[in-house]
4 protein chains.
Amino acid sequence: MSFNTFGKIFRFTTWGESHGPAIGCIVDGCPPNIAISKKDIQMDMNRRRPGKSKFTSQRKESDEVKILSGIFQGKTTGTPISMLIYNKDAKSRDYETIKNKFRPGHADYTYLMKYGLRDYRGGGRQSARETASRVAAGAIAKTVLKKLIGKKYNVVGAVVQLGLLGCNKNNWNEREIRKNPFFCPDKKSVKLWEKYLLAVRKAGTSCGAIIELRASGIPVGLGAPIYSKLDSDIASALMSINAVKGVNIGAGMNASILSGEENSDEIRSISGKAKFKSNNAGGILGGISSGQDIIASFAVKPTSSILNTRETIDRTGKNTKISVKGRHDPCVGIRAVPIGEAMMNCVLLDHYLLNRAQCG
Amino acid sequence: MSFNTFGKIFRFTTWGESHGPAIGCIVDGCPPNIAISKKDIQMDMNRRRPGKSKFTSQRKESDEVKILSGIFQGKTTGTPISMLIYNKDAKSRDYETIKNKFRPGHADYTYLMKYGLRDYRGGGRQSARETASRVAAGAIAKTVLKKLIGKKYNVVGAVVQLGLLGCNKNNWNEREIRKNPFFCPDKKSVKLWEKYLLAVRKAGTSCGAIIELRASGIPVGLGAPIYSKLDSDIASALMSINAVKGVNIGAGMNASILSGEENSDEIRSISGKAKFKSNNAGGILGGISSGQDIIASFAVKPTSSILNTRETIDRTGKNTKISVKGRHDPCVGIRAVPIGEAMMNCVLLDHYLLNRAQCG
Amino acid sequence: MSFNTFGKIFRFTTWGESHGPAIGCIVDGCPPNIAISKKDIQMDMNRRRPGKSKFTSQRKESDEVKILSGIFQGKTTGTPISMLIYNKDAKSRDYETIKNKFRPGHADYTYLMKYGLRDYRGGGRQSARETASRVAAGAIAKTVLKKLIGKKYNVVGAVVQLGLLGCNKNNWNEREIRKNPFFCPDKKSVKLWEKYLLAVRKAGTSCGAIIELRASGIPVGLGAPIYSKLDSDIASALMSINAVKGVNIGAGMNASILSGEENSDEIRSISGKAKFKSNNAGGILGGISSGQDIIASFAVKPTSSILNTRETIDRTGKNTKISVKGRHDPCVGIRAVPIGEAMMNCVLLDHYLLNRAQCG
Amino acid sequence: MSFNTFGKIFRFTTWGESHGPAIGCIVDGCPPNIAISKKDIQMDMNRRRPGKSKFTSQRKESDEVKILSGIFQGKTTGTPISMLIYNKDAKSRDYETIKNKFRPGHADYTYLMKYGLRDYRGGGRQSARETASRVAAGAIAKTVLKKLIGKKYNVVGAVVQLGLLGCNKNNWNEREIRKNPFFCPDKKSVKLWEKYLLAVRKAGTSCGAIIELRASGIPVGLGAPIYSKLDSDIASALMSINAVKGVNIGAGMNASILSGEENSDEIRSISGKAKFKSNNAGGILGGISSGQDIIASFAVKPTSSILNTRETIDRTGKNTKISVKGRHDPCVGIRAVPIGEAMMNCVLLDHYLLNRAQCG
């Protein structure tokens, strides 16, 4: 059972509402004796936090992580790591006027129907603010994997499509991703994207995005068929991120239009090592990592809260209209990059430990 | 932990290899006092079993399910239901010549690397034959849900794209799906698909497919955020099916190119009930069912075993070539329809029970 | 997997070390719409907290619970309830002199061997301070069950044996339990126990205890055979409490010396209801509650930290001696009463929800 | 969730009713590449099976295990191992006359109340016949541990009290345990026990027993605090066995009457190794194995089905009487020895793998 817990051995449990006093998470099952500094975690937090550019939510949060347990003299002790992040810039008044209306595209309606009540302030538990906790957990997972596997281990995400605009993935440049506010991997697309997103924002609307994750330095053998396949767990992890509607592994949905020859990746022996001639499988065969890079992508729907007026109903069942004034991202997909990376890190560490358990 | 178990409360565990004496599954957590006949299960089994048309594997299996426990006087007792299916037409000799080669696109390489040994006959545990057990479990889930929710509950799947050919989803016809050998919902596409698939087979190659699942009669409130979101569990379920590389919920990957207005489904009150004006969300908001139809689709890659020669290596690391002579489907995606339905039935029953647990 | 998580649907995860900044827990899977006040929780916390009498640890902790999430406008929302308790009176210096020695009876040695490092201050994660979190979770479980089942639902624990001294269980008096500092149910034993425990303390030694739990108002049908039997889960819950070495259900170990006639509880129909003539089963048959009171007891070993000198080794493997000066209970068993009650409340709510899931 | 599944990584799921066609289990998470022969399993099965002496049930079952999956060319493949045992000597007619009565001490009443129906033949799922599956799973766990840890690994159980009669545990002799029909470790007690049990049987009644388990060759560090403590999981495992009412670890319930000095095991350094001067802890400190022998014991209540007449009610709520004619053990505790050993083997392997996962 895992309502608010993710993972099997390396597990994290998140808690907190957007406008409550704080949010946080507990990381359990972490290997002991791994050096982890608050700074490592904070660096990843900063990549996700809002208010950094005009293209993301203007909510100002330092997202400073307090570590309350599980680390002693700078090292993990194998006991639960509790991390807490205060909510500082919650403006709950913004939500007073719409507290009785169901925002289209949001989970206002389904939460109320399911639970009979809901914390409407900032979306309460539905808020993407929950994902800050994931990033904190992911930073720990990443640090552990770099220790266990070595520095070659790396997970990088990028926005490869911003609304209607794609980019040239052949120009994938990791440094570039860290430079521009869109996590765009292709320097040539940045300016166009900037203009586009400004136009989207000005039009009072929003746009979606596709994020691609690339994990390298992965050992062969991670993944536990049949119902803990590596791709199955990645799909679950990415689909659990707010606003995600689709997940691809390798060729993904596109695999449907390939021929058998085009799709299956041929193998060659090069210097005594198995090398694949292509990577349509996304580094996973039969649910188990093949040693190739793991490639996954996911689609984030456009921000549901927009300035333009939309039709909806209220709690009493009456027809009404709504337009949202609060602080929102014109494209929530942008900030999904570090979240996707965090989930990938967590899944990979979990399977690293699972594989170590069963196969030594 | 769930290597070979799927589900949280309604759980099934599958076992068995393609060319072992039998395969089977145990269904646990099934509500008691539900009338279930072997016939109900067999009907679904027949939809999946091979050898029915020239478009699927020529392996002849009756796939007759033996129920060994958990049902007394025609009703479920709440104890585990053990079901067993004998393997009758396993031709292991077909695999002798290729037992030391890694078939591209298959999990031969990753299984061997992970476990140090593997049952190479018919792919062993990697074989899609395992999915017969899922269909048996799904038949039980469906019967239970029809009893708990009522006859309006329904899950239907169809192939909406066969290789390069799509179909007109506006012509979706449930009867038609049951008639043609492709589970194609659009009568007008059937002939073209037939020609196409014959050509694919004749060319010694294979093609992929996209399957769409539609579940109707779903109560509001199924799904448990954050890490047991309904869509997250559906993604995990569908991605666990052999050869699946992508999963969409509602608009899916396509959500990335919609605007905020296009994507979020407006709500109207009609005769006192909430009605959505569109269904880009695929019936799920914030991980919880909205009462709309649940729409999910998934892509199946082209069959990896093809007649045409491919490059690969063998167990000793030598470069070699392979062409597969065994009995295979030109498009494994076709038989994925009843499997997808089965997984959807299981996820929905599981969440029905979970919701009943927490919310009464 | 559940290193620091207890429960299946109603789950709590605890975190924190004895001398870290704080401890706490997250309660997940709680039914929504249940009124819970901080006061309800605090009342139970006060029953467990140290420093209340000369018979328990002199550490002064207010054990004030801060609720950080999951409750909105006084009611549970169905989302995780995060609770935090600051450590205020940690005197870590007490532990400097013994940080390199393994205290006999404690987990110093095993923690260090397993994890390679340990937070030695106050026992770190091994400390019974962790149980404060359990009491907080148990208070929530109790409140929920009183709402779901009604006020007749009740769990009461008492110390029925203090070291070498028993008491007359026929004099079981709930009010008396709340009055004396020993949770002794028999008024006549209190004075003797007081003298005894003062003598134990004065002698620089410690003593064990047996705690009995009685749960009444329990519906028939809780418990899920075979491996989630109600008694099996109670045993796991109670054995997880620090220093517990034995668990009995009903007649318990004593069942071994009864005859078939003496042991099995005969049934009579009284006013149309099934009534048992005795309760050796402790209210559980085949792992399922019978509607009788659930009776469980558990033994707590004597406090391992005593003033008297003991032989041990240090981290370097050298023989040495130790005598503990820190603040400790002469009988840790006393404070185990509210902890045992808390665990019983949690197990019962968990099974109430599980039963609702499967059996409606 | 784990209604019929035991374990976290090394998991087994059992199924089947006493008088159905068969019973069986699936072992999942087993390490690959371990040689396992049917003979290894059968040897343990024979120790548990009924009909071997006049002191146990006269039901004649060969309990031959059929392995249907997961083993290839004599070795585990890492995939699920499905094992099946046919029921051959089920005499369901014996149960016709009592099918509407609730046998005191049995779970007839609670199963019917919980599920609304039950397979009354031979107790259906409640039957101790289910434990045959545990022994099969335990045989695999034992074989794996002997491979991973070495031949020094050993788990031995014995009946140390038969009804009112104890034995001298100082005479514990492993060979003797295998010789006599009572699994009695003390040769001097066997004759007396034989007379006693014949008298019990002749009197139409039954008696209980206490079984002690000793596991040796255990590495330091197994066990995962807080809620997967090794002792907590052993307690859960043993309490899940039919008719068990109490579980002790080390000194167990008796720890309550020891002083702090008597109870906590002092440590000495002998040839550079930590040696404990006593073993009241039963080899477990803070939920983690200390490297000492693990000692656990459990009490089995007297067989509930006895020849003597007892009062009860029937399904319609009428008062009635019952005396059981079917084949039963005068002391079910005897056959609990191999079952207890099996559960101990499974718990230890599970924790071996868990520890390998987290701590490498």
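The values are calculated or read from the model by the stated rules, or taken from the named source; none is laboratory data. Source: prediction; values computed, not measured. Glycine also receives a Cβ, built like all others from the backbone with ideal geometry; neighbour counts cover every protein chain displayed. Quick note on the areas: whole protein, heavy atoms, side chains included, nothing else; ligands and nucleic acids left out. Shrake-Rupley method; radii C 1.70, N 1.55, O 1.52, S 1.80 Å.
In table form, for the structure just shown:
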item: Enumeration of residues in the stretch B:135-181 that are out of contact with any Pro (no Cβ under 9 Å at 6 or more places or on another chain), assigned to a helix (DSSP H, G or I) and surrounded by 18 or more Cβ atoms within 10 Å (Cβ to Cβ); result: B:ALA136, B:ALA137, B:ALA139, B:ILE140, B:ALA141, B:LYS142, B:THR143, B:LEU145
item: Filter result (outside any strand (DSSP E or B), over 30 Å from B:PRO104 (Cβ atoms) and not hydroxyl-bearing (Ser, Thr, Tyr)) within the stretch B:182-222; result: B:PRO185, B:ASP186, B:LYS187, B:LYS188, B:VAL190, B:LYS191, B:GLY217, B:ILE218, B:PRO219, B:VAL220, B:GLY221, B:LEU222
item: Flag for C:GLY217 being out of contact with any His (no Cβ under 8 Å at 6 or more places or on another chain), open to solvent by less than 30 Å² (accessible area, probe 1.4 Å), under 30 Å from B:ASP28 (Cα atoms) and touching a residue at least 12 places away in the same chain (Cβ under 8 Å); result: yes
item: Candidates D:ILE67, D:ILE36, filtered to the one that is farther than 25 Å from D:LEU197 by Cα, surrounded by fewer than 20 Cβ atoms within 10 Å (Cβ to Cβ) and in contact with a helix residue (DSSP H, G or I) (Cβ under 9 Å, 6 or more places away or on another chain); result: D:ILE67
item: Residues of the stretch C:306-327 satisfying the condition of being more than 7 Å from every other protein chain (Cβ to nearest Cβ) and either under 18 Å from C:VAL156 (Cβ atoms) or open to solvent by 10 Å² or more (accessible area, probe 1.4 Å) (or both); result: C:LEU307, C:THR309, C:ASP314, C:ARG315, C:THR316, C:THR320, C:LYS321, C:SER323, C:VAL324, C:LYS325, C:GLY326, C:ARG327
item: Any hit, the stretch C:103-110, residues being touching a Gly at 6+ places or on another chain (Cβ under 9 Å) and at positive phi; result: yes
item: Single residue of the stretch B:106-126 satisfying the filter (open to solvent by 20 Å² or more (accessible area, probe 1.4 Å) and out of contact with any helix residue (DSSP H, G or I) (no Cβ under 7 Å at 6 or more places or on another chain)) that is nearest to A:GLY282 (Cα to Cα); result: B:TYR109
item: Any hit, the stretch C:40-50, residues being open to solvent by 40 Å² or more (accessible area, probe 1.4 Å), under 21 Å from C:PHE183 (Cβ atoms) and among the acidic types (Asp, Glu); result: yes
item: Selection from the stretch D:96-105 of residues that are out of contact with any strand residue (DSSP E or B) (no Cβ under 7 Å at 6 or more places or on another chain) and surrounded by fewer than 24 Cβ atoms within 10 Å (Cβ to Cβ); result: D:GLU96, D:THR97, D:LYS99
item: Set A:ALA107, A:ALA139, A:ALA128: member being at pLDDT 95 or above, more than 10 Å from chain B (Cβ to nearest Cβ) and within 22 Å of the chain's Cα centre (by Cα); result: A:ALA139
item: Subset of the stretch D:292-322 that is outside any strand (DSSP E or B) and either in contact with a strand residue (DSSP E or B) (Cβ under 7 Å, 6 or more places away or on another chain) or acidic (Asp, Glu) (or both) - its residue that is nearest to D:SER57 (Cα to Cα); result: D:PRO302
item: Hits in the stretch B:187-214 - residues which are open to solvent by 10 Å² or more (accessible area, probe 1.4 Å) and hydrophobic (A, V, I, L, M, F, W, C); result: B:VAL190, B:LEU192, B:LEU198, B:ALA199, B:VAL200, B:ALA203, B:ILE210
item: Output for the stretch C:254-285, where each listed residue is crowded, with 24+ Cβ neighbours inside 10 Å, without any contact (Cβ under 8 Å) to a residue 12 or more places away in the chain and not polar (S, T, N, Q); result: C:GLY260, C:ILE267, C:LEU285
item: Number of positions in the stretch D:236-253 that are under 13 Å from C:ALA237 (Cα atoms) and touching a residue at least 40 places away in the same chain (Cβ under 8 Å); result: 3
item: Residue satisfying all of: in the stretch A:1-23; more than 7 Å from every other protein chain (Cβ to nearest Cβ), within 18 Å of C:ILE67 (Cβ to Cβ) and in a loop (DSSP other than H, G, I, E, B); farthest from the chain's Cα centre (by Cα) among these; result: A:HIS19
item: Conditions (1) in a loop (DSSP other than H, G, I, E, B); (2) buried (at least 24 other Cβ atoms within 10 Å of the Cβ): number failed by B:GLY340; result: (1)
item: Pair list, Cβ under 6 Å, 6 or more apart: the stretch C:151-178 residue within 14 Å of chain D (Cβ to nearest Cβ), other residue open to solvent by 20 Å² or more (accessible area, probe 1.4 Å) and modelled with pLDDT under 95; result: none
item: Residue count, the stretch D:73-91 (criterion: at negative phi and either touching a Ser or Thr at 6+ places or on another chain (Cβ under 8 Å) or surrounded by fewer than 20 Cβ atoms within 10 Å (Cβ to Cβ) (or both)); result: 13
item: Close pairs from the stretch A:30-41: first under 12 Å from A:ILE81 (Cα atoms), partner open to solvent by 20 Å² or more (accessible area, probe 1.4 Å) and not β-branched (Val, Ile, Thr), Cβ under 6 Å, at least 6 apart; result: A:PRO32/C:GLY116
item: Number of the condition not met by B:GLY286 [criteria: (1) closer than 30 Å to B:MET43 by Cβ; (2) modelled with pLDDT of 95 or more; (3) out of contact with any strand residue (DSSP E or B) (no Cβ under 8 Å at 6 or more places or on another chain)]; result: (1)
item: Test: residue in the stretch B:237-253 that is more than 7 Å from chain A (Cβ to nearest Cβ), at negative phi, part of a helix (DSSP H, G or I) and open to solvent by less than 10 Å² (accessible area, probe 1.4 Å); result: yes
item: Looking only at the stretch B:286-305, and only at residues there that are closer than 19 Å to B:GLY217 by Cβ and surrounded by 24 or more Cβ atoms within 10 Å (Cβ to Cβ), the one that is nearest to the chain's Cα centre (by Cα); result: B:ALA296
item: Subset of the stretch C:254-285 (residues that are more than 7 Å from chain D (Cβ to nearest Cβ) and among the acidic types (Asp, Glu)); result: C:GLU262
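A quick yes/no check of all residues on (1) in contact with a strand residue (DSSP E or B) (Cβ under 6 Å, 6 or more places away or on another chain); (2) of a type outside the set (Lys, Arg):
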site	(1), (2)
C:LYS91	no, no
C:ALA107	yes, yes
C:MET113	no, yes
C:GLY116	no, yes
C:GLY122	no, yes
C:GLN126	no, yes
